[in-house]
Amino acid sequence: MYSAVSLVAWALMLLSSRSDVGAFQPSAHQSSPRPTNTRLFNTWSNGQAIKEYQDFLESGNQDIPMKDDVPSLVVAPSTGDPKSWDLVAAVIALGAGEDVVIQPGTPLPAEVGGSSSFPVYVCVYPSELESFLENLPSDWKAKQSDMVFFSGSKKCGCIEPILKKRGLARDSMTQVLAAFSMPGPTGKPQDLSVKIGVDAVGEDKWAGEAAVCGEWQGAFAERLERNGIRCKTGFYRDWRRWMWERLAYDAAFNLIGAVRSEPTKMKDVALYYGEEVSDMLWEISGALRGNLAVTLSYGFEERVFGVGENAEDEICELDEAVYPFLYDNALLNSKMLVEYLNFAKDEFGMLTNVELPISRTDKPSLMRQGNLRADGAI
């Protein structure tokens, strides 16, 4: 028999002997080998994340309730031409033709489709969301738990900071990762997910899927699946990882492609600037772990590159109006991302009215010159 003290000492010695093995180092992306100078980041605790997880465990909720799709309320932006309300058009096109569209400030109907239980799809612009939530009339506040919020892509961005301030980023609130196209020639949104291979047990691996969590997740998932769009459902803690993974893709690929001398597509970034993207993604991953206690799921780099390699026509851009919802968050803790943002501002005249964190370098050290492609062509 060994004493408890001796067993603890043995365990500590074993852990110490393995500390340099690098068991948690990232795997290499097939088309872009990981550079040897990539920094790894430690993880430290985040009190809010721990509290949320404790609340989830104490709730005892292990099953996800799924509500059916029903006639719903769709909240349109308070400004702009209705023809430009892409998200509104998408939600309506996915439905069965019985939704009701209203704008902020309009009295809320007591029933939609003959029922007092219905989701409220909040399709206002991200720039309007904070004002919308701050000025909710009493009848709207009574339906706040039925609201559905959208994140993802350059159209919706990341609205987590706005929701968190109001206690709306939690398990019961419905949030959608809008990884589908806006209505095109067919009048219907299209699935943007891509198959990226087969896993160890023979199951297809997918990337870029839409996702939803919360009270009305079953209803919106039904809308998507009925229209041939793949959709993941899960608890908020899972959805949050999926949302930040998508944001990492949107932020890194657009930024790295935007600082080129010629217009560059997202696909080109995946194919020809893989080393830069890979390095930035891993810095972003470390920033998320360290500042939000969010750990991106295993294989995120492969999935992100899979989405990029299939983004045929999307041009990389830095939009000043979208900046607060893509970059002004925990991602600014990535030094490489800040370097590229400052380079875009100083050398290309982008983000002229945005106050950026200071970068200590004039030019990103890993940036390739011009639009040099892997085959040597310019």
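Results for (1) under 13 Å from Leu73 (Cβ atoms); (2) modelled with pLDDT of 95 or more; (3) part of a strand (DSSP E or B), shown as yes or no for each residue.
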position: Val101; (1), (2), (3): yes, yes, yes
position: Phe118; (1), (2), (3): yes, yes, no
position: Glu128; (1), (2), (3): no, yes, no
position: Phe149; (1), (2), (3): no, yes, yes
position: Lys154; (1), (2), (3): no, no, no
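Within region 250-266, is even one residue within 21 Å of Phe180 (Cα to Cα), touching a strand residue (DSSP E or B) at 6+ places or on another chain (Cβ under 8 Å) and surrounded by fewer than 21 Cβ atoms within 10 Å (Cβ to Cβ)? Yes - at least one qualifying residue is present in region 250-266.
The rows are residues; the columns are (1) over 16 Å from Ala89 (Cα atoms); (2) surrounded by 23 or more Cβ atoms within 10 Å (Cβ to Cβ); (3) out of contact with any Asp or Glu (no Cβ under 9 Å at 6 or more places or on another chain).
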{"site": "Glu130", "(1), (2), (3)": "yes, no, yes"}
{"site": "Leu136", "(1), (2), (3)": "yes, no, yes"}
{"site": "Ala169", "(1), (2), (3)": "yes, no, no"}
{"site": "Ile196", "(1), (2), (3)": "yes, no, no"}
{"site": "Cys213", "(1), (2), (3)": "yes, yes, no"}
{"site": "Trp216", "(1), (2), (3)": "yes, yes, no"}
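Could you tell me whether any residue of region 273-287 is assigned to a loop (DSSP other than H, G, I, E, B) and open to solvent by 40 Å² or more (accessible area, probe 1.4 Å)? No, region 273-287 contains no residue that is assigned to a loop (DSSP other than H, G, I, E, B) and open to solvent by 40 Å² or more (accessible area, probe 1.4 Å). The single condition from (1) part of a helix (DSSP H, G or I); (2) among the small types (Gly, Ala, Ser); (3) touching a residue at least 60 places away in the same chain (Cβ under 8 Å) that Ala321 fails is (1). Filtered by the rule that a residue be surrounded by fewer than 22 Cβ atoms within 10 Å (Cβ to Cβ) and of a type outside the set (Val, Ile, Thr), region 288-297 gives Arg289, Gly290, Asn291, Leu292, Ala293, Leu296, Ser297.
Only residues that are of a type outside the set (D, E, K, R), under 21 Å from the mean Cα position of the chain (by Cα) and closer than 19 Å to Lys155 by Cα were counted across region 170-205, and they come to 14. When residues in region 324-354 are screened for being small (Gly, Ala, Ser) and either without any contact (Cβ under 8 Å) to a residue 12 or more places away in the chain or in contact with a His (Cβ under 6 Å, 6 or more places away or on another chain) (or both), 1 of them pass.
Close Cβ contacts (under 6 Å, 6 or more residues apart or on different chains) running from residues in region 141-164 that are at positive phi to residues that are in a helix (DSSP H, G or I) comprise Gly152/Arg246; Gly157/Pro126; Gly157/Phe325; Gly157/Leu326. Screening Met182 with (1) closer than 28 Å to Glu314 by Cα; (2) of a type in the set (A, V, I, L, M); (3) modelled with pLDDT of 95 or more gives one miss only, at (3). Please work out if Glu262 is farther than 24 Å from Leu296 by Cα and charged (D, E, K, R). Yes: the conditions hold for Glu262. Looking at region 109-122 only, could you name the residues that are more than 20 Å from Pro82 (Cβ to Cβ), free of Cβ contacts under 8 Å to residues at least 60 places away in the same chain and open to solvent by less than 30 Å² (accessible area, probe 1.4 Å)? Result: Phe118, single match. For region 110-125, the criterion of being within 21 Å of Phe180 (Cα to Cα) and over 23 Å from the mean Cα position of the chain (by Cα) is satisfied by no residue at all.
For region 92-100, indicate whether the set of residues that are surrounded by fewer than 19 Cβ atoms within 10 Å (Cβ to Cβ) and either touching a residue at least 40 places away in the same chain (Cβ under 8 Å) or within 15 Å of Lys141 (Cα to Cα) (or both) is non-empty. Within region 92-100 (the criterion being surrounded by fewer than 19 Cβ atoms within 10 Å (Cβ to Cβ) and either touching a residue at least 40 places away in the same chain (Cβ under 8 Å) or within 15 Å of Lys141 (Cα to Cα) (or both)), the answer is yes, since at least one residue qualifies.
Val74 meets each of the listed conditions (1) in a loop (DSSP other than H, G, I, E, B); (2) open to solvent by less than 30 Å² (accessible area, probe 1.4 Å); (3) closer than 15 Å to Asp146 by Cβ apart from (1). Screening Glu301 against (1) surrounded by fewer than 22 Cβ atoms within 10 Å (Cβ to Cβ); (2) closer than 22 Å to Ser193 by Cβ; (3) of a type in the set (Asp, Glu) leaves a single unmet condition, (1). For region 206-249, the set of residues classified as part of a loop (DSSP other than H, G, I, E, B) and either polar (S, T, N, Q) or within 18 Å of the chain's Cα centre (by Cα) (or both) consists of Gly208, Glu209, Gly214, Asn227, Ile229, Arg230, Phe235, listed by residue number. Kindly indicate whether Glu312 is assigned to a helix (DSSP H, G or I), surrounded by fewer than 22 Cβ atoms within 10 Å (Cβ to Cβ), acidic (Asp, Glu) and touching a residue at least 24 places away in the same chain (Cβ under 8 Å). In short, no.
The values are calculated or read from the model by the stated rules, or taken from the named source; none is laboratory data. Just so you know, these numbers come straight off a predicted model, no measurement behind them. Note that we place each Cβ from the backbone using ideal geometry, even for glycine, and neighbour counts take in every protein chain shown. To get the accessible areas, we keep the full protein, side chains included, count just its heavy atoms, and leave off ligands, DNA and RNA. Shrake-Rupley method; radii C 1.70, N 1.55, O 1.52, S 1.80 Å.
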